[in-house]
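In what follows, a single structure is set out as structure tokens and then discussed.
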Amino acid sequence: MATETTSSNAERKMLAEAGYADPAINYYLEKKYMGQIENADQVSEKIGSCGDIMKVYLKVDENEIIDDVRYEITGCAGAISAAMAAVDLVKGRTLDEAMEINDGNVFRVLENIPEKKHHCIQLAVKTMHLGIEELKSRKN
Ligand code: FES
């Protein structure tokens, strides 16, 4: 336990020095929406310009309200924190409302991440939007 705390403190310090604000670091360390959803309504995958891969799982109710979202991510701390923050922005929203979420909204929740990681926010948002579009086109 002591070892775990020490290593997460070291990670926290390293991320802070790299330019991650506390909310971004917390999202990265907690990873609360990482994983899969069994019986997801939609699973979509996107490869970023950096070559990293994100997979999004969506669960919606009969009124197209987003019940749950999970991500599987092969990517950096910026990508993970951005994806987790994006889920908090869309949970309980309609699919149309979730399509309105943009990189700036996610950045404001994170408060700050290094500038060279801004494309990772784009990947998180684009993957979510791809999932929503693919879900909608299958339903129509
Ligand atoms: Fe590839 Fe961040 S997602 S560098």
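Quick check for you: with a 1.4 Å probe and neighbouring chains kept, what is the accessible area per residue of the chain, in Å²?
Numbers: 7490 Å² over 140 residues.
Here the residues of the chain average 54 Å² of exposed surface.
List the pairs from K31/K116; K59/K136; K32/K117; K31/K136 whose alpha-carbon separation is above 18 Å, in the order I gave them.
Working: K31/K116 21 Å; K59/K136 12 Å; K32/K117 20 Å; K31/K136 27 Å.
Correct reply: K31/K116; K32/K117; K31/K136.
Under 10 Å, Cα contacts only: if you run a Gaussian network model on the chain, which one of G19, G35, G51 comes out with the highest mean-square fluctuation?
Top of the fluctuation ranking is G51.
Once you charge only the Cβ atoms, +1 for Lys and Arg and -1 for Asp and Glu, what is the size of the charge dipole of segment 9-109 about its Cα centre, to the nearest 20 debye? Numbers along the way, then the final one.
On the way: 11 positive and 19 negative charges, 99 e Å.
Here the size comes out at about 480 debye.
So, with a 1.4 angstrom probe, what is the percent of accessible area on segment 1-127 that is carbon and sulfur?
Values: 3050 of 6690 Å².
Summing carbon and sulfur atoms, their accessible area is 46 percent of the total for segment 1-127.
Tell me the relative contact order for the chain as a rounded percent, counting alpha carbon contacts under 8 Å between residues six or more apart.
Details: 228 pairs, mean separation 38.9, N = 140.
Once divided by the residue count of the chain, the mean separation gives 28 percent.
Mean Kyte-Doolittle of at least 1.6 plus a Cα span of 18 Å or more along the axis: flag which DSSP H helices in the chain meet both, please.
Numbers: long enough: 2-18 (24 Å, -0.78); 77-90 (20 Å, 1.76); 118-139 (32 Å, -0.34).
Qualifying helices: 77-90.
For every other residue with a beta carbon closer than 12 angstrom to the beta carbon of D96, add +1 if it is Lys or Arg and -1 if Asp or Glu, then tell me the sum.
Taking every other residue near D96 into account, the sum is -2.
Taking 25 °C and 0.890 mPa s as the conditions, I'd like the Stokes-Einstein D for segment 1-120 in µm²/s, using the Kirkwood hydrodynamic radius from alpha carbon pairs. Mind showing how you got there, number by number?
Values: Rh = 15.0 Å.
D = 163 µm²/s.
Pick out which of M14, M84, M99 has the largest mean-square fluctuation in a Gaussian network model of the chain, springs linking Cα atoms closer than 10 Å.
M14
Just to be sure I understand: with springs between alpha-carbon atoms less than 10 Å apart, which residue in K59, K32, K13 has the highest mean-square fluctuation in the Gaussian network model of the chain?
Result: K13 has the largest fluctuation of those listed.
Name the residue from N39, I101, I80 whose Cα lies farthest towards the positive end of the charge dipole of the chain, charges +1 on Cβ of Lys and Arg and -1 on Cβ of Asp and Glu.
I80
Please report the net charge: other residues with Cβ closer than 13 Å to the Cβ of E62, K and R +1, D and E -1.
Numbers: positive: K59, K139; negative: D41, D61, E64, D67.
That sum, taken over residues with Cβ under 13 Å, equals -2.
The values are calculated or read from the model by the stated rules, or taken from the named source; none is laboratory data. None of these values were measured; they are calculated from a predicted model. Here Cβ is always computed from backbone atoms with ideal geometry, including for glycine, and neighbour counts include all displayed protein chains. The area values use the complete protein model at the heavy-atom level, side chains included, leaving out ligands, DNA and RNA. Shrake-Rupley method; radii C 1.70, N 1.55, O 1.52, S 1.80 Å.
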